[in-house]
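Structure first, then comments.
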There are 2 protein chains.
Amino acid sequence: MAGAARASLNRGLAVVGLGGAAAVTFMLQNAYNSSADCTAENAPNLKTTLSSTINIEDLDPAAVSDTSKPMSERMTTYVRLVQKKLVESIQGLENTGSASGSPAQFLVESWKRKEGGEGISCVLQDGIIFEKAGVNVSVVYGNLPSAAIRQMSADHDGILQKLGYNVGGDDADVDALPFFATGVSTVIHPLNPYAPTGHMNLRYFEIRHPRTLKNGQVNPRYTKNEPAAWWFGGGCDLTPNYLIPEDARYFHEQIKSSLEMQDPAFYPAWKKWCDKYFWIVHRKESRGVGGVFFDDLTLPSWSKGKKSFIPLYNGEKSVDTQLVGAKQHDENTLFEAVQAVGNTFIPAYLTIVQRRKDLLFNHFNKDWQRLRRGRYAEFNLVYDRGTKFGLQTPGARMESILMSLPPQATWKYMDAISGTGREQSEAATKFSIEQDRAFPPEEVEARRKMQATLENPQQWV
Amino acid sequence: MAGAARASLNRGLAVVGLGGAAAVTFMLQNAYNSSADCTAENAPNLKTTLSSTINIEDLDPAAVSDTSKPMSERMTTYVRLVQKKLVESIQGLENTGSASGSPAQFLVESWKRKEGGEGISCVLQDGIIFEKAGVNVSVVYGNLPSAAIRQMSADHDGILQKLGYNVGGDDADVDALPFFATGVSTVIHPLNPYAPTGHMNLRYFEIRHPRTLKNGQVNPRYTKNEPAAWWFGGGCDLTPNYLIPEDARYFHEQIKSSLEMQDPAFYPAWKKWCDKYFWIVHRKESRGVGGVFFDDLTLPSWSKGKKSFIPLYNGEKSVDTQLVGAKQHDENTLFEAVQAVGNTFIPAYLTIVQRRKDLLFNHFNKDWQRLRRGRYAEFNLVYDRGTKFGLQTPGARMESILMSLPPQATWKYMDAISGTGREQSEAATKFSIEQDRAFPPEEVEARRKMQATLENPQQWV
């Protein structure tokens, strides 16, 4: 697959995302608008192929750690292995829940676009343990004009300058630059209100040197398999409905300790960035209890001289999320850090689901879960960069992008516990009094505890 | 209220919106960022006052048609009367559904902001006829810098030029211009899946001449009660879950015939604009069966010489939505057209609810309703200008803006009937076969008929 993807570079582009798959998607809109040979809106996608298992016969798992292979192939291999592992682990847990012996099954849909680009979307719906679980992989490629390049990375402003090409305009070296992107995304909504929603995304981008320049001459900077720029992005986070501090702590501990083996600077910076990214501004609360989030993870050579500095940028030029590495990295150690997130998320998250999947719950608990999931939908539709820009991308596979949306969500006006601005609302006061009469006190207390934590993100380790 | 609002012009601003309340909200963010005396983020709103009825003792209903009064006062009076009428009509219908004699009640919350601006938010939740009904009124005012003025009207590009002031910058006449906005918004979600969701919004904007210019001199253009620019915006539309053509036809007929009395050019242009505005781009379907939508409705004097031309602009400079009026208007006849929409919506919509509220329904019908309401949430969170920019506005009353969100929503991956891209999906084919086995054929047929209409908006009259 990676080979095929490389071979068809510049032929077109496709996109699939899931909460957090940020820049993979946005650039494509501009790319569509600008490349004359792009007929995305006219050419429908090909019919998908459907299976209940993920076929990795075309993959060589050894490629992940084979430093002689290009990173595009290594990362594509890795994300597909992660997808397989995750789908099999979720399915395994779902199978244990079925007394009938016919548990809900993942649907594995492989899709290709005529113009290039492919992906595998895996979805399990209406399970006994999992209400909805989506695991997507996509490989996308094409040509990016300058406006799209500027949107690609979290460091919007700096990327073109760093690339050193004059892209587009009157005295341009080139009209557009070839790019490659691959990633895996997952959002998992368990049925039990005490089992948290989980999310992970890992992605890799390359901007490549064009073979020829606009004036027709061979590009002296062109080298096969040597990108002009590359970076990783990703992260994982936890969204409980009820705060179980030991789960939040366990999740953060697992990620922190696996990242500490890579670089002690990673976890603290990426934990902060995660809290910033998943902040629902209009609600003044976080989507969940966080985890890690990172973007623009690349070699320090871009920063010209500051060898220990890895440029990280959260879109606000805040020093909080700048990462001063404790050690010097190369592409292999950075890739290992990305793998640490993927490899840790799967057992850490599923251990928590395993712990909570059989807890007793009542209709109060389900009501609150649906209300919290309304907030999840709000975050993903309003703020998530991957979702937002995916929706604006003609030809994107919408059902894969929107897989992250919860199976059920509710909205209530001025809920006594989670209503925004409830402190100034007489309606919220009235609802609160009614609720104190009708609800078990421990339910009110548990909801309040969760809400307080969302409004004041904590240090878990 | 209108008097108080005028008196406190320039003291600050507040905002409340509902699906469709477009430009009322966005400008405020920039206004906040730019006015030095504005401390919105630090000053919390005052505690609201709560009631179950709307008090209009402070209003003189005769002001609506009193041409000697400023339009700001006439429109504010009108929107408050519309709110009262709508709330009482909905409550009346809800009361008929209650066998117990204790029907769900509207909560009427009046709020003010310290810095100026006020509103009344009315919400009924968990009724027998209405799952959720919200009716908002707000009056907002303040000072707008040039960037915000440009966002105010649908004709983003033209408005500053038309105003004739040089706002902001080195050789500016003024740093900002005073504005005034008032409007009513409603979204009504009935419980019965055969009763459609209804939406209406009516709004009025003024940009006013500042008393003094930046150089300290008296502004020669300043005249009390004579705005620099003013316009109306609004519309109403219907979102059924099941297509009942006679309902869609009846709704459109009622609006069309009431607008024809004003100007035969209104309905055809505003119907087209409505279909454009409520198009869910990423789904390739409409939110519902439409109605009318308009913005920038003002006097033709702006168009300098073309007396019969009323500048209307949908943001894409499409000629489709330009309105060539069949007759010459003044502010009174335009205001009458706005009132025609408001006065027609209430009985037209509630007649349809009355017809459908007691139809038998089953769990298939409720499931489909929740799925359709997921799309409603998608539109409002992703596209609706009023909602989108309201969410970005510090100090906005979020629970009033988000009142439009459905009480319950679901999302399914690749639904056999409404899944986006289902034609290319083997998963959708599989779901379709399963559905044909498990669902009553008339349910499948009814869902398909609705979906086909959403994907191909029709002429209803």
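Of everything in region B:407-421, what is at the interface with another protein chain (Cβ under 7 Å from one of its Cβ atoms) and aliphatic (A, V, I, L, M)? Give them in sequence order.
Step one: filter region B:407-421 for residues at the interface with another protein chain (Cβ under 7 Å from one of its Cβ atoms), giving B:407-414, B:419-421.
Within region B:407-421, B:ALA409, B:MET414 qualify.
Of all residues in region B:167-212, count the ones that are touching a helix residue (DSSP H, G or I) at 6+ places or on another chain (Cβ under 9 Å) and free of Cβ contacts under 8 Å to residues at least 24 places away in the same chain.
Residues meeting the conditions: 3.
Touching a residue at least 60 places away in the same chain (Cβ under 8 Å), farther than 25 Å from B:GLY127 by Cα, of a type outside the set (Gly, Ala, Ser) and within 7 Å of another protein chain (Cβ to nearest Cβ): does that describe A:MET450?
Values: touching a residue at least 60 places away in the same chain (Cβ under 8 Å): yes; farther than 25 Å from B:GLY127 by Cα: yes; of a type outside the set (Gly, Ala, Ser): yes; within 7 Å of another protein chain (Cβ to nearest Cβ): no.
Here the answer is no, as A:MET450 does not meet what is asked.
Mind listing just one residue for me: the one in region A:401-412 that is part of a strand (DSSP E or B) and of a type in the set (S, T, N, Q) and, of those, nearest to A:LEU454 (Cα to Cα)? Before you say what the answer is, go through the steps one by one.
Of region A:401-412, the ones part of a strand (DSSP E or B) are A:408-410.
Cutting the leftovers down to of a type in the set (S, T, N, Q) gives us A:408, A:410.
Working: A:GLN408: 21, A:THR410: 18 Å.
Within region A:401-412, the match that is nearest to A:LEU454 (Cα to Cα) is A:THR410.
Quick check: is even one residue across region A:99-109 buried (at least 20 other Cβ atoms within 10 Å of the Cβ), out of contact with any Ser or Thr (no Cβ under 8 Å at 6 or more places or on another chain), at pLDDT 90 or above and of a type in the set (D, E, K, R)?
Checked against the condition, which is being buried (at least 20 other Cβ atoms within 10 Å of the Cβ), out of contact with any Ser or Thr (no Cβ under 8 Å at 6 or more places or on another chain), at pLDDT 90 or above and of a type in the set (D, E, K, R), region A:99-109 yields no hits at all.
Keeping to region A:295-327, report how many residues are at pLDDT 75 or above and outside any loop (DSSP other than H, G, I, E, B).
Count: 3.
Here is a yes/no grid of residues against (1) in a helix (DSSP H, G or I); (2) in contact (Cβ under 8 Å) with a residue 60 or more places away in the chain; (3) over 15 Å from the mean Cα position of the chain (by Cα):
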| site | (1), (2), (3) |
| --- | --- |
| B:ALA396 | no, yes, yes |
| B:GLU399 | yes, yes, yes |
| B:MET414 | no, no, yes |
| B:GLY419 | no, no, yes |
| B:GLU423 | yes, no, yes |
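Among (1) within 14 Å of another protein chain (Cβ to nearest Cβ); (2) acidic (Asp, Glu); (3) in contact with a helix residue (DSSP H, G or I) (Cβ under 9 Å, 6 or more places away or on another chain), which single condition is A:GLU434 missing?
(3)
Among the residues of region A:370-389, which ones are assigned to a helix (DSSP H, G or I), more than 8 Å from chain B (Cβ to nearest Cβ) and of a type outside the set (D, E, K, R)?
Step one: of region A:370-389, the residues assigned to a helix (DSSP H, G or I) are A:370-382, A:385-389.
With the extra rule that they be more than 8 Å from chain B (Cβ to nearest Cβ), the set shrinks to A:371-373, A:375-376, A:379-380, A:385-387, A:389.
Listed by number, the residues that qualify are A:LEU371, A:TYR376, A:PHE379, A:ASN380, A:GLY386, A:THR387, A:PHE389.
Taking into account only those residues within region A:111-156 that are more than 14 Å from chain B (Cβ to nearest Cβ), in a strand (DSSP E or B) and modelled with pLDDT of 90 or more, which is farthest from A:TYR194 (Cα to Cα)?
Among those that are more than 14 Å from chain B (Cβ to nearest Cβ), in a strand (DSSP E or B) and modelled with pLDDT of 90 or more, it is A:VAL139.
What are the residues in region B:427-461 that are of a type in the set (Gly, Ala, Ser) and surrounded by fewer than 12 Cβ atoms within 10 Å (Cβ to Cβ), if any? Spell out the reasoning first.
Step one: of region B:427-461, the residues of a type in the set (Gly, Ala, Ser) are B:427-428, B:432, B:438, B:446, B:452.
Matches in region B:427-461: B:ALA438 only.
Among the residues of region A:98-110, are any assigned to a strand (DSSP E or B) and in contact with a Gly (Cβ under 9 Å, 6 or more places away or on another chain)? Give the steps one after another, and end with the answer.
First, pick out the residues of region A:98-110 that are assigned to a strand (DSSP E or B): A:107-110.
Still in the running and in contact with a Gly (Cβ under 9 Å, 6 or more places away or on another chain): A:109-110.
Within region A:98-110, one or more residues are assigned to a strand (DSSP E or B) and in contact with a Gly (Cβ under 9 Å, 6 or more places away or on another chain).
When you look at B:ASN201, is it out of contact with any Asp or Glu (no Cβ under 8 Å at 6 or more places or on another chain), polar (S, T, N, Q) and farther than 30 Å from B:HIS252 by Cβ, yes or no? Lay out the reasoning, then the answer.
Numbers: out of contact with any Asp or Glu (no Cβ under 8 Å at 6 or more places or on another chain): yes; polar (S, T, N, Q): yes; farther than 30 Å from B:HIS252 by Cβ: no.
No: the conditions fail for B:ASN201.
Can you find even one residue in region A:396-403 that is within 13 Å of chain B (Cβ to nearest Cβ), buried (at least 18 other Cβ atoms within 10 Å of the Cβ) and more than 28 Å from B:ASP367 (Cα to Cα)? Outline the logic, then answer.
Start the filter on region A:396-403 by keeping residues that are within 13 Å of chain B (Cβ to nearest Cβ), which leaves A:396-403.
Narrowing further to those that are buried (at least 18 other Cβ atoms within 10 Å of the Cβ): A:396-403.
With more than 28 Å from B:ASP367 (Cα to Cα) added as a condition, the list becomes none.
No, region A:396-403 contains no residue that is within 13 Å of chain B (Cβ to nearest Cβ), buried (at least 18 other Cβ atoms within 10 Å of the Cβ) and more than 28 Å from B:ASP367 (Cα to Cα).
Does region A:328-336 contain at least one residue that is at pLDDT 95 or above and at negative phi?
Of region A:328-336, the ones at pLDDT 95 or above are A:335-336.
Within this subset, residues satisfying the condition of being at negative phi are A:335-336.
Looking through region A:328-336, at least one residue is at pLDDT 95 or above and at negative phi.
If I ask for residues that are in a loop (DSSP other than H, G, I, E, B) and among the charged types (D, E, K, R), which ones from region B:269-289 would you list?
Restricting attention to region B:269-289, the residues satisfying the condition of being in a loop (DSSP other than H, G, I, E, B) are B:278, B:284, B:287-289.
Once the filter is applied, which keeps residues that are in a loop (DSSP other than H, G, I, E, B) and among the charged types (D, E, K, R), region B:269-289 yields B:LYS284, B:ARG287.
When residues of region A:372-395 are filtered for being more than 14 Å from A:THR239 (Cα to Cα), surrounded by 24 or more Cβ atoms within 10 Å (Cβ to Cβ) and of a type in the set (S, T, N, Q), how many remain?
Total satisfying the criteria: 2.
Given the criterion of a type outside the set (Ser, Thr, Tyr) and within 25 Å of A:SER400 (Cα to Cα), identify the matching residue among A:VAL174, A:VAL167, A:VAL184.
Numbers: A:VAL174 fails: within 25 Å of A:SER400 (Cα to Cα); A:VAL167 fails: within 25 Å of A:SER400 (Cα to Cα).
Within the list A:VAL174, A:VAL167, A:VAL184, the selection yields A:VAL184.
The values are calculated or read from the model by the stated rules, or taken from the named source; none is laboratory data. It should be emphasised that the depicted structure is a prediction, and the values quoted were computed from it without experimental measurement. Because the Cβ atoms are built from the backbone with ideal geometry, glycine has one as well, and the counts that use them run over all protein chains shown.
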